[in-house]
Amino acid sequence: MESEGVKQAIIRQAREANSQSNARLLIEGINNSCFDKCVPKPGSSLSNSENACVVQCMEKYIAAWNEVNRTYIRRIQQEVGNQQIGNH
Amino acid sequence: MESEGVKQAIIRQAREANSQSNARLLIEGINNSCFDKCVPKPGSSLSNSENACVVQCMEKYIAAWNEVNRTYIRRIQQEVGNQQIGNH
Amino acid sequence: MESEGVKQAIIRQAREANSQSNARLLIEGINNSCFDKCVPKPGSSLSNSENACVVQCMEKYIAAWNEVNRTYIRRIQQEVGNQQIGNH
Amino acid sequence: AELRQFFANEEQKTKIQSQTHALTELCWKKCVTSNIKNGALDKNEQSCLANCVDRFMDVNIATMRALAAMGGRQH
Amino acid sequence: AELRQFFANEEQKTKIQSQTHALTELCWKKCVTSNIKNGALDKNEQSCLANCVDRFMDVNIATMRALAAMGGRQH
Amino acid sequence: AELRQFFANEEQKTKIQSQTHALTELCWKKCVTSNIKNGALDKNEQSCLANCVDRFMDVNIATMRALAAMGGRQH
């Protein structure tokens, strides 16, 4: 017997856990890709140009993530559609 | 108290789980290695030559997997043999 | 109600598990980095120079691990300090 | 029953997100090869990323079909 | 209560060790680029490793700050 | 008891398979360096793969021996 309140709490927790793990993976991807790209030879501090590169790289990486996500979801839906046509 | 039927079902399940995870890892390895090798610059469709490359790459990757597996198992058995000789 | 003996046993187990997983990760890092660096073209046996390279590489990798660990811990402590000053 | 449906949906969302992360790392390396000059994707990078995802899926589907056809003969 | 404190400490130690392993692999590739001639780090390699960790942390902190400022607008 | 033996065997099989996957990815990169012309391994690729596995095991065993000899002095 689940009360509505308990159910909502479970749903909220699951959503938060998902969104936290998504944010963690995104941060990891940005750090690895942008450190690699913007800081080829790490010096004794982040130079102005390295700093600017990191900020732009982060924006670009998020744009890339969104493009990849959009294309991937479109493609999955297309494949599901093809299968259903094939099953007729 | 395990009935023979229950035991067989457990064994079957464990085998299936193992073989599924093995297939998943093999598919991942093929996708990563062959996409990298056969599609250096992704275009608007898979060209005929890219397609042929992917099929041959997959066959070659499986042959490589088998060669690696064979060598690895031979080596492990050899090491175990050496240890037992050393323990005499 | 935890007896002192049970508590000590739990603590010992947790420490051992941690130290085992740390050793496993270190061995993995050494194997991957030093095989890559010292054995570019694997031949029918490890040559003398490859062998010497592997031993020195391992020592160097452990020195690198220690340098990274020291710097990382120093930096974390610094960031925690900065935050506490910022919170005043 | 509603909760079960919710968890099935969440699980699918998690899979899609996790695959998006892997594909972004892979396609970023193939498509964003020049120095970063601004925070937007240019036309070439954008179409390269979309093509990269689509061609990776082509390879993926071809692999699964071929392996199913083999029926795991090789090992 | 003592045990809880002990486990919190151990968990933090595990996180630091696991991040140390990842950073060592990353910074080794950036900083140990010539052939191995002996088992010690030379001055350049050592300072490169320390800078690599510090600059990676700079990037990490900048990323987290920027993402927090966006408040997850993008997706 | 029979089941316990079965699970010990299955676990060992799983470890060997998982290590085979990792070694295949590693040795594929070292040994299959030219363009793909057909689906079979040529002689050079095949011997390179076998040598790659054997030399990796040499390095692995040398590392474990040396670390055991150190007894974890360094850290």
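For the stretch A:48-72, which positions are more than 14 Å from residue A:31 (Cα to Cα) and open to solvent by less than 60 Å² (accessible area, probe 1.4 Å)?
Filtering the stretch A:48-72 down to residues more than 14 Å from residue A:31 (Cα to Cα) leaves A:48-49, A:52, A:63-64, A:66-72.
Within the stretch A:48-72, A:52, A:63, A:64, A:66, A:67, A:68, A:69, A:71, A:72 qualify.
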Original post:
Looking at this structure, is residue A:7 open to solvent by less than 60 Å² (accessible area, probe 1.4 Å), modelled with pLDDT of 90 or more, in a helix (DSSP H, G or I) and basic (Lys, Arg)?
Top reply: no
Original post:
Among the numbered criteria (1) within 10 Å of chain C (Cβ to nearest Cβ); (2) in contact with a helix residue (DSSP H, G or I) (Cβ under 7 Å, 6 or more places away or on another chain); (3) not aromatic (Phe, Trp, Tyr), which single criterion is violated by residue E:12?
Top reply: (2)
Original post:
Taking into account only those residues within the stretch D:37-53 that are within 7 Å of another protein chain (Cβ to nearest Cβ) and surrounded by fewer than 20 Cβ atoms within 10 Å (Cβ to Cβ), which is farthest from residue A:54 (Cα to Cα)?
Top reply: D:46
**OP:** Please verify whether the stretch F:7-18 includes one or more residues that are in a helix (DSSP H, G or I), hydrophobic (A, V, I, L, M, F, W, C) and at pLDDT 90 or above.
**Re:** yes
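Mind listing whichever residues of the stretch A:7-19 are facing chain D (nearest Cβ under 10 Å) and more than 23 Å from the chain's Cα centre (by Cα)? Walk me through it before giving the result.
Going residue by residue through the stretch A:7-19, those that are facing chain D (nearest Cβ under 10 Å) are A:7, A:10-11, A:14-15, A:17-19.
Matches in the stretch A:7-19: A:7, A:10.
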**OP:** Take the residues in the stretch D:54-70 that are within 7 Å of another protein chain (Cβ to nearest Cβ) and either among the aliphatic types (A, V, I, L, M) or not in a helix (DSSP H, G or I) (or both), then tell me which one is nearest to residue A:77 (Cα to Cα).
**Re:** D:57
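Inside the stretch F:8-33, can you point out the residues that are open to solvent by 90 Å² or more (accessible area, probe 1.4 Å) and more than 14 Å from residue B:25 (Cβ to Cβ)? Quick ask: steps written out before the conclusion?
Step one: list which residues in the stretch F:8-33 are open to solvent by 90 Å² or more (accessible area, probe 1.4 Å), which gives F:11-13, F:15, F:29, F:33.
The answer is F:11, F:12, F:29, F:33.
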Subject >> Failed item, numbered, when residue D:23 is tested on (1) within 22 Å of residue B:47 (Cα to Cα); (2) more than 7 Å from chain A (Cβ to nearest Cβ); (3) not charged (D, E, K, R) >> reply: (2)
Subject >> Which numbered condition residue B:41 fails, given (1) facing another protein chain (nearest Cβ under 8 Å); (2) in a helix (DSSP H, G or I) >> reply: (2)
**OP:** Could you please find all residues in the stretch B:20-33 being within 8 Å of chain F (Cβ to nearest Cβ) and buried (at least 21 other Cβ atoms within 10 Å of the Cβ)?
**Re:** B:26, B:29
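The values are calculated or read from the model by the stated rules, or taken from the named source; none is laboratory data. Only a predicted model underlies this, so the values are computations on that prediction, with no experimental measurement involved. All Cβ positions, glycine included, derive from the backbone under ideal geometry; neighbour counts span all protein chains shown. Ligands, DNA and RNA are excluded from the accessible area calculation, which covers all protein heavy atoms including side chains. Shrake-Rupley method; radii C 1.70, N 1.55, O 1.52, S 1.80 Å.
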